[in-house]
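A short write-up of the structure that comes next.
Every number in this text was worked out from the coordinates using simple rules, so none of it is lab data. The structure displayed is predicted, hence computed values, not measured ones. Note that each Cβ is placed from the backbone with ideal geometry, even for glycine, and that neighbours are counted across all protein chains shown.
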Amino acid sequence: MSDKNPYKFNGDTLVIDDESKLSNTKSVYLESYGCAMNFSDSEIVASILSKNGYNTTENMYEADLILVNTCSIREKAELTVRKRLEKFNRVKRTNSKVKVGVLGCMAERLKHKFLEEEKIVDMVVGPDAYKDLPNLLDDVQDGKAAVNVILSKDETYGDISPTRINSNGVNAFISITRGCDNMCTFCVVPFTRGRERSRDPQSIINELNDLHEQGFKEITLLGQNVDSYLWFGGGLKKDFSKASEIQQASSINFSKLLEMCALSQPKIRIRFSTSNPQDMSLDVIRVMAKYENICNYIHLPVQSGSDDVLKAMNRQHTRKEYLNLVKNIYEIIPDCSISHDMIAGFPNETEQDHNDTLSLMEQVKYSFGYMFKYSERPGTPAAKKLSDNIEEKIKSRRLSEIVDLQLKHSLFRSKEFIGKTVEVLIEKESKKSDLHWAGRNQQNTTVVFPKENYKVGEFVNVKINACTSATLVGIATGFSKNN
Ligand code: SAH
Ligand code: F3S
């Protein structure tokens, strides 16, 4: 849905959701790649631009400005963006006035080089510099090079109310931390998104309350490493030890924040992503168990099942510690689902290391997984110190063994739901049938069922009678008590 129209239905009244949009005369076409944080950032960008004369459009040919929010996590992600720039170049040929800006991690990684490498690009803006967009746009109009890639110590965009783009009005993201201090050796994020800082909890709760008022039913708290959230008055997390005693004593960590969110809006479902195992505390798991509106699902990337590889990746836990955490999760929340990220073919990975990954997967039996071939990223510690020495053919074979095993486990986890009744939040029409709704249960598995008279945004109980590895199929038995 384009948000070009400034009017919105609020229950049965027509309201103007943002008066400034009425006088906007220009339009911006925004495309986002990569992680959820990028999609969330694009909503911040849309909000900043809407106060500066731009409404969003879904039609790139009618836009005055094209922005692409980019991802650098793997080489493939960057190649996708380069391909899109070719397309935007063709648009520029039909409309020479349109300006093209690159946002996000590739902007931060390549900086001025982007302007030289891609002639079509007019503006390069890193993830902490979006508030400077209005000035940069002025520079572009004046024919100056518009680049701002300064990383910030305290920018969290906590004061900006995001303009929800392509929203179904049901699910929304709330970002709670920015940057990452972990320095996993393969990862470009600490370089493109800077050091870790947390957002003022009050502004998070305000955004949550606001979303509730707008009718949203489920929110996801976002950060590169949410469990590391720590509010002590602002600034970089690494400076916590320099904060005053009072600030330290009254600090708010992730388990407290989660509890505050759960209590503030008991009718809203709460998810969070991503959890780095080294920072996940038992307190967080206990808070999850205590509040019904916090979904029983944890995305817990492990990357490898081998201690040697974990060490070379600079992950701060062993295989045993990870499995112990998983054991605690299943003990405290027996019906919790867990998913993973896994990298195949990290430098020096042996067959034994790879088999350790497969055996770890066998032990956990993850519900889902996001699986990748190692992709060397320029400037990362792994790129500097280790040779990307696993043959492409071997990487591919290992990846497909990991993917095949995951499919087996996903099917195993799906089958556990057969005969059970699960609570589903209806999100959209099923892709395969316009007679069915699709939504997710607490455990994040997609559920499809006949529409009957139910509507998007309603919580319903669905009795599961069939499944694939990715989808549960069932029949609604009525509204859930949360509705
Ligand atoms: N904490 C972050 C992790 C971001 S990167 C989060 O929000 O998910 C997401 C995943 O991409 C990582 O967990 C890792 O599995 C994968 N990844 C990161 N760098 C990679 C690289 N150089 N090659 C292959 N996969 C990588
Ligand atoms: Fe990257 Fe590791 Fe942080 S994967 S985002 S450096 S937790």
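Here is how the numbers come out for the structure above:
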item: Value of [θ]222 nm, deg cm²/dmol, for the chain, DSSP H segments ≥ 4, -39500 (n - 2.57) each, nearest 500; result: -10000 deg cm²/dmol
item: Net charge dipole size for the chain [Lys, Arg +1 and Asp, Glu -1 on Cβ; Debye, nearest 20]; result: 760
item: Rough spin-label spacing in nm, given labels placed 7 Å along Cα→Cβ, for Lys144 and Thr468; result: 5.4
item: Which of Leu407, Leu360, Leu310, Leu236 has the fewest Cβ neighbours within 10 Å, and the rest in rising order; result: Leu407, Leu236, Leu360, Leu310
item: Two-site label geometry, Lys26 and His112: point separation in nm, points 7 Å out along Cα→Cβ; result: 2.5
item: Candidate lysines for bridging to Lys153, where Cα separation is under 21 Å - those fewer than 8 sequence places away on the same chain excluded; result: Lys111, Lys131, Lys237, Lys238, Lys242
item: Cβ crowding within 10 Å averaged over residues, with 61-67, 112-118 ranked highest first; result: 61-67, 112-118
item: In range of the label at Leu282: residues from the stretch 319-339 whose backbone nitrogen is under 14 Å from the point 7 Å along Cα→Cβ; result: 324-333
item: Under 13 Å from Lys144, Cα to Cα: aspartates and glutamates that are on another chain or at least 8 residues apart; result: Asp122
item: Kirkwood hydrodynamic radius of the chain, Cα pairs, Å; result: 23.9
item: Fraction of antiparallel bridges per DSSP, the chain only, in percent to nearest 5; result: 40
item: Dipole moment magnitude, nearest 20 debye, the stretch 190-295 about Cα centre, only Lys, Arg, Asp, Glu C-beta charged; result: 200
item: Isolated Cys in the chain, by beta carbon distance under 4.7 Å; result: Cys35, Cys71, Cys105, Cys180, Cys261, Cys295, Cys336, Cys467
item: Qualifying lysines (Cα of each under 20 Å from Cα of Lys217; at least 8 residues distant if same chain); result: Lys8, Lys267, Lys290, Lys428, Lys451, Lys455, Lys481
